[in-house]
1. Inside region 112-131, can you point out the residues that are under 14 Å from THR154 (Cα atoms), touching a residue at least 40 places away in the same chain (Cβ under 8 Å) and touching a Leu at 6+ places or on another chain (Cβ under 8 Å)?
2. Within the bounds of region 236-245, is there any residue that is farther than 21 Å from ARG176 by Cβ and outside any helix (DSSP H, G or I)?
3. Conditions first: (1) touching a residue at least 12 places away in the same chain (Cβ under 8 Å); (2) closer than 20 Å to LEU153 by Cα; (3) over 18 Å from the mean Cα position of the chain (by Cα). GLU106 passes all but one, so which condition is the exception?
4. Only one of these conditions is not met by THR225: (1) out of contact with any His (no Cβ under 6 Å at 6 or more places or on another chain); (2) touching a residue at least 60 places away in the same chain (Cβ under 8 Å); (3) in a loop (DSSP other than H, G, I, E, B). Which number is it?
5. For region 190-200, check the following and say yes or no: at least one residue is of a type in the set (Ser, Thr, Tyr) and free of Cβ contacts under 8 Å to residues at least 40 places away in the same chain.
6. Name the one entry in LEU91, LEU95, LEU99, LEU87 that is over 26 Å from TYR142 (Cα atoms) and at pLDDT 95 or above.
7. Looking at region 79-102, I want the residues that are surrounded by fewer than 15 Cβ atoms within 10 Å (Cβ to Cβ) and have a partner that is charged (D, E, K, R) with Cβ atoms under 7 Å, at least 6 apart or on another chain. Which pairs are those?
Amino acid sequence: MVPPRQTLLRPLSRAVDLLISPRLRVVERKHEKQRLKLRRDHDKLRLGHDKHVADLKRAWRKDVRDYERKQGRKFTYDADGLATMHLSPFLEDALFSRLYDEMAAEWFVNQRVDARWRVWLLTRFARRSELLPGAFAEFGVYRAGNVFMILGLTEKAERWRPFHLFDTFAGIPCDRLTEGESEKGFGGRLGDTSVEYVEQRLARWQSSIRIHAGDVFTTLPRVETGDLAFAHIDLNASEPTVFALEYAYRRLVPGGALVFDDYGWHDFADQRDAIDEFFSHLPEEPIALPTGQAVVLKVS
């Protein structure tokens, strides 16, 4: 009687296991050591970066206090990379202040961000665009803080106007990033949001909002907003920014405003270069603002 094939192969299989398993364990231990070393190195870099940022902030605060003493007056605003002793009009705007406090309480998880000058300018450009025909759109919504402020400050005029919101609502996609953006860890950022959260956050304006969830490379070809009077682009990464820009620019009505959130910030140089290249052969020019934003006003 001939033994079954598996019976004949079993001793051979055990022999192979005896030869290979120790080597596999050696390789696995080596890889685990390498992984732990990389993790330790990453943690050291992160801690070093955090300490460096904290040191810079302390030095900046000292310089601010010294300057205030020399000038004999205080800064009206000192946050978000901007310090000024000039008029900060939102300080005297009770409605803006109330809405900002309500919005900022949930805008970023476990931290309160003071970006009042940025948000003030954004809402002023949106209010200016109320006079024009066309929808509003935001590309890069995150937790809808900016949309909350725009709708809260243009509520009467916006009852009839759709506001299109484009976002993955799951963080920045890891593909289509430049080398620099990947090195800075853009992929996966801003993932602590969801469609359900945004719907709940903007519930009081549910008749106006149009949520388009997904990567803009997928959603934009399927969605037609029609004419746009105002668009805000805050996608962080350069390639999706240009894709959204091509879409929005073609639909922006004459006089319409196009605001870029990240244009002047150091970590977003790749995005800035891409935006400048887009407008290099067009009549409009991005106007850099001291808040790190930029605005383009459509000529024709």
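The values are calculated or read from the model by the stated rules, or taken from the named source; none is laboratory data. Note that the coordinates shown come from a computational prediction; the quantities given were computed from them, not determined experimentally. Note: ideal-geometry Cβ built from the backbone for every residue, glycine included; neighbour counts use all protein chains shown.
1. Scanning region 112-131 gives LEU121, ALA126.
2. No, there is no match, as no residue in region 236-245 is farther than 21 Å from ARG176 by Cβ and outside any helix (DSSP H, G or I).
3. The number of the failed condition is (3).
4. (1)
5. Step one: filter region 190-200 for residues of a type in the set (Ser, Thr, Tyr), giving 193-194, 197.
Now narrow it down to the ones that are free of Cβ contacts under 8 Å to residues at least 40 places away in the same chain: 194.
Yes, that holds for at least one residue.
6. Values: LEU91 fails: over 26 Å from TYR142 (Cα atoms); LEU95 fails: over 26 Å from TYR142 (Cα atoms); LEU99 fails: over 26 Å from TYR142 (Cα atoms).
Being over 26 Å from TYR142 (Cα atoms) and at pLDDT 95 or above holds for just one of LEU91, LEU95, LEU99, LEU87, which is LEU87.
7. Correct list of pairs: ALA79/ASP114; MET85/ARG73.
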